[in-house]
Amino acid sequence: MTGAVAERAAFCRRRAEELWHSGRHQEALGFARLAFDLQPRDEETVRFCAWLFSNGQDHAAAGAAYERLLALSPEWIEGHRHASGSFAMIGELERAIFHARQASDRDPLSGEFARHAGGLLEQAGRPAEAASYLARAAALSPGDGALLRRLSAALWAAGARDKAVALAWQAWRCDPGDRESAHHAAELLLRCGRCEEAALLLGETIRAHPADDAALRKLSAAEMLRADPAAALAAIDKALLLSPQTAEYHIHRAGLLRRLGDCAAAAEAYGRAAALDPSNGSLRRAQLAAYCDAGRLDEALSLGGELIRAAPDNREYAEGLRHALDRRLGAAEADRGALYAGLLRLPRRPRPPRTAGTALATQLRVLHALLIRETRTRFSEARIGYGWALLEPVLHILMLSLVFAVMMHGRPPIGRHFFIFYYTGIIPYHLFVHTSSGMSHAIASNGPLLQVPPVSTFDVVLARGLLELATDLVVAVILLAGFTALGLHAIPRDLGGVAAALLSVWLSACGFGFLNAVATAFWKGWDKIWAQITRILYFCSGIFYVPAAMPDRVRDILAWNPILQAVDWFRAGFFQGYDPHWLDRGYLVIAGLWVLLIGLALERRLRRRLYEPL
Amino acid sequence: MIALAGVSKSYRTRTGRKAVLDNVSIDFASGHNFGILGANGAGKSTLLRLLAGSELPDRGVIRRDVRVSFPLGFGGIFHGALSGREHIGFLARLYGAPIRATCEYVADFSELGEYFEMPVNTYSAGMRARLGFAACLAIDFDVFLVDEVIEIGDRRFRRKCAQAFRERMRRADIILATHNHETVRQYCDRGAILANGTLTPYDDIDTALRHYQSLSEGGGR
């Protein structure tokens, strides 16, 4: 039985051998499989089959055959190497590594075994183990630069950076003309930041291979790290001469130019890179920024628009475009952003402490400013302006003189001339009316001014009163000068009395003015009523007659009228011997002061509600 | 420092009195820039007028030991018949500033040219704003009150405004009423939120802004 099997197996082997040698490999493999199945424990048959499977590219079968052989003769170290090779070919990396380690561990003096095991472990991503086998191989052939480089790479990957760099140097020293070793060493040195050594090494490499553009690119990086951007630029320029189509070189060059501050050239370089590699987003973003920095805002905007159209959701592009727009609109973002941050504060200017004196000074300043302003705005609507202030009393005096000159047959009640007589009535009356009415409008007409903090309602009301006083005094003086020019004797006999009379009537007018200001603020129609009252007072104040002409009972009532008192006081200063018994100067002053006091108190009390700016 | 003690202020409206401040006590410490946050109609402008002294509170006391500006961005103090120069002269007299130097500064800053000598009612709105802004900057205030707008005019002029403000802020503080977060963040380091008659202070502007945001979102406005 066994004999027949052995015969058939031997036949199959022979047939397989013949077919193999005559080039019919597939048929040969078929017979070899038959033989293998017939005699799986026959060493000679299995060895033959393994050889044929291996050469016939049936690595799975070859691996199985080698393992069978190793089971039959465990001392056959080389069998592990063969099995490992076969398993590696079919991607069974773990089994391949197992056999490779068996081979190398059992024959540590074989450089090939160690190298093979190292290679498989590298492939499997186990650099630390790979490094130990590669180190074994390297110890056996110390002058092999390529092997040292592989060992260096494995060590680097395993994290032993210093050792890796030392070995990279050693690898390069074995054969300084080897570009691959040189690049490897330079790469590691650059990554370690050892740019001086990298530059040295790359310099030598470039001397040996002047057309090595990749070395020039690395040299440029080394020079940049050495903070020598000019040399870096020279190196990358040379690299670009050799290989002008490499987008990465252009990007690197653009980065260098930006660092050197040459934004225009950087934008140019980014442009060239973008033409070679249009799909690189971060490159386009950098190009946009460089255009901005170079001040080429048109191009920046058109590029930004193009990018945004292509990728509307890209935040970086949007940010870049916004920056370009801001630049175009002239808003220096940095300038605005830094407005508050890091502001250097200076000490505050000292203010003098507030005292009664400074308060008074402030009050006077405010009144002064308001008076000047009021002077200019008082009659701003009418073209006639201050002419009206003069015209009004003149018209009154002329009218009265005309009417009563006819009625009274040419003689005024006192004095010698109608003009003077009516003047003495009109001036105190107008002073009273102008002041009290003018002050009632002060708040309404100065509304916006009350927004200026130092200006209070008291200030604007009082300023208006002072303005009326000043205006009417000037008018009074001008009229007197006019009368004198006409040849009338018009100089008052008692200047002090005249002034006191006007001042007293002004005081009570001020009091009524404050009352009116308050009343008008609460009751808009009040100023109309006040206008009617002043018209009535025109007839009750002895302007165009003397109270002496009145019946006693009527005169006793009218004597309470402060204007009448003021008119008679005023006349007493003009006309010799005119000093009527009902004239009570004290009454006028006291009554004026009382009214003023009440007016001021009301204003003070209700100040918060006098003006609501809405 | 501007100190409010028990300050109340309300307005008559059609639906009754509306309280802008209800018994508010707060200190605006010197050396800090405050951002006052509040919805439209919360009374930010009224608060600024109270701080300025343009308006008086219904109750309570406002103490100032500093010189406070009139609310910036307010052009209503101008009388149409007066020229720019007359207005600036008035303000200079009012605050005791040198008249000629102040006028020169304003004429230069506002870029009004010969309009500076013309009546204000010949001005455009922009020119009025420039005049008001320059007037405010020309006077040596310790605290600037700003109502919404801190920069006016075209881009270039806005930058000039910001620059001038930066210069002023080395000595002076600002109190800024706005709901523009960006401006507040740029200028202010402290904040206060005005809502429903109360004024809540915050020592840190970011917290104030966050709080205000959640408040206005929560309030559905």
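In the condition set (1) closer than 26 Å to A:Ala501 by Cβ; (2) within 60 Å of the chain's Cα centre (by Cα); (3) away from chain B (no Cβ under 14 Å), A:His396 is compliant with all but (2). Within the range A:123-132, being under 14 Å from A:Ala88 (Cα atoms) and crowded, with 20+ Cβ neighbours inside 10 Å holds for no residue. For the range A:560-614, filtering for residues that are more than 14 Å from chain B (Cβ to nearest Cβ) and outside any loop (DSSP other than H, G, I, E, B) leaves 31.
Of the candidates B:Phe157, B:Phe116, the single residue that is farther than 27 Å from B:Gly38 by Cα, among the aromatic types (Phe, Trp, Tyr) and within 11 Å of chain A (Cβ to nearest Cβ) is B:Phe157. Put simply, of B:Gly41, B:Gly35 the only residue that is assigned to a strand (DSSP E or B) and more than 7 Å from chain A (Cβ to nearest Cβ) is B:Gly35. Between B:Leu131, B:Leu48, the distinction of being closer than 30 Å to B:Thr200 by Cβ, crowded, with 22+ Cβ neighbours inside 10 Å and not polar (S, T, N, Q) belongs to B:Leu48 only. The criterion of at least 2 residues that are in contact with a Leu (Cβ under 8 Å, 6 or more places away or on another chain) and crowded, with 18+ Cβ neighbours inside 10 Å is met, among helices (runs of 4 or more DSSP H) falling completely within the range A:1-102, by A:2-21, A:25-38, A:43-55, A:77-89. Just one of (1) modelled with pLDDT under 85; (2) part of a helix (DSSP H, G or I); (3) more than 22 Å from A:Asp175 (Cα to Cα) fails for A:Ala137. It is (3).
Okay, residues lined up against (1) touching a helix residue (DSSP H, G or I) at 6+ places or on another chain (Cβ under 7 Å); (2) facing another protein chain (nearest Cβ under 10 Å):
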residue: B:Asp140; (1), (2): no, yes
residue: B:Asp147; (1), (2): yes, no
residue: B:Arg168; (1), (2): yes, no
residue: B:Asp173; (1), (2): no, yes
residue: B:Arg185; (1), (2): yes, yes
residue: B:Tyr202; (1), (2): yes, no
residue: B:Leu209; (1), (2): yes, no
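I'd like to know if the range B:83-97 contains one or more residues that are at pLDDT 90 or above, assigned to a helix (DSSP H, G or I) and of a type in the set (Val, Ile, Thr). Yes - at least one qualifying residue is present in the range B:83-97. Residues satisfying the criterion are present in the range B:77-99 (criterion: at the interface with another protein chain (Cβ under 9 Å from one of its Cβ atoms), without any contact (Cβ under 8 Å) to a residue 24 or more places away in the chain, at positive phi and touching a helix residue (DSSP H, G or I) at 6+ places or on another chain (Cβ under 7 Å)). Restricting B:Ala162, B:Ala192, B:Ala172 to those that are closer than 21 Å to B:Asp27 by Cβ, in contact with a Leu (Cβ under 7 Å, 6 or more places away or on another chain) and surrounded by 14 or more Cβ atoms within 10 Å (Cβ to Cβ) reduces the list to B:Ala192.
Condition check for A:Gly111 on (1) surrounded by 22 or more Cβ atoms within 10 Å (Cβ to Cβ); (2) under 30 Å from A:Lys163 (Cβ atoms); (3) more than 60 Å from the chain's Cα centre (by Cα): one failure, at (1). Entry remark, the range A:426-481: residues being more than 24 Å from A:Leu391 (Cβ to Cβ), more than 14 Å from chain B (Cβ to nearest Cβ) and either free of Cβ contacts under 8 Å to residues at least 60 places away in the same chain or among the β-branched types (Val, Ile, Thr) (or both) number 1 in total.
The values are calculated or read from the model by the stated rules, or taken from the named source; none is laboratory data. Since the model is a prediction, treat every value here as computed from it, not as a measurement. Positions of Cβ are generated from backbone atoms using ideal geometry, with glycine treated the same way; all protein chains shown enter the neighbour counts.
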